[in-house]
Amino acid sequence: MMSTFQPVLEKLFERNQRAEIIYLSASGSLTHRVIKIKKVTPFWVKGYCYLRKTERTFSLQNILSIYPVQNNQESPFKHAAGR
C-alpha cells in the first residue's frame, strides 16, 4: 500500500526541494527534521538530515506530517515538536 506522503516526497525530490517532517522515531519520540531527499520508495525515504548532519533513512509509515521548505519561510512546525 502506497503511503499518502510518497507522491509528495517524489514531487519534492523531482523539484530538488527540501522537506520538513514530523517523524515518530523507533523509540516513540516525535522529532522535527529538515531533509534533502535522495531516494523515495514505497516504504522509506532516504535523505540528508540537517539535524543529524548525515544521510538517514526514514520509514514512510512513521512520517506524521510533511511540508515543503521554501526559502525565508517560517516553519509551520515551529512549535509542534517542541522546537
Task: Phi to ³J(HN,Hα) by Karplus 6.51 cos²θ - 1.76 cosθ + 1.60 over region 5-21, Hz, x for Gly, Pro - done: 8, 4, x, 5, 5, 4, 5, 5, 4, 4, 8, 6, 10, 6, 10, 9, 10
- [ ] Give a residue-ordered list of calculated ³J(HN,Hα) values for region 53-62 (Karplus: 6.51 cos²θ - 1.76 cosθ + 1.60, θ = phi - 60°; whole Hz; x for Gly, Pro).
- [x] 6, 7, 6, 9, 10, 10, 6, 4, 5, 9
Task: Inter-probe distance in nm under a simple model that places probes 7 Å from Cα toward Cβ, at Val8 and Leu30 - done: 1.5
TODO: Return the loop-located chymotrypsin sites (Phe, Trp or Tyr not before Pro) in region 1-71 (DSSP other than H, G, I, E, B) with at most 16 other Cβ atoms within 10 Å of their own Cβ; answer none if there are none.
DONE: Phe43, Tyr50
TODO: Report the normalised scattering of region 1-68 as log10 I(q)/I(0) at q = 0.20 Å⁻¹, calculated by the Debye formula with identical scatterers on the alpha carbons.
DONE: -0.71
TODO: Mind checking the per residue accessible area of region 27-72 for me, 1.4 Å probe, whole number of Å²?
DONE: 62
TODO: Treating cross-link reach as a plain straight distance, find the lysines whose alpha-carbon is under 22 Å from the alpha-carbon of Lys11, omitting any fewer than eight places away in the same chain.
DONE: Lys36, Lys38, Lys39, Lys46
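The values are calculated or read from the model by the stated rules, or taken from the named source; none is laboratory data. Everything quoted here is computed from the prediction, not taken from an experiment. Cβ coordinates were reconstructed from backbone atoms using ideal geometry, including for glycine residues, and neighbour counts include every protein chain displayed. The protein model used for the area step is the full one, side chains on, heavy atoms only, and it has no ligands, DNA or RNA in it. Shrake-Rupley method; radii C 1.70, N 1.55, O 1.52, S 1.80 Å.
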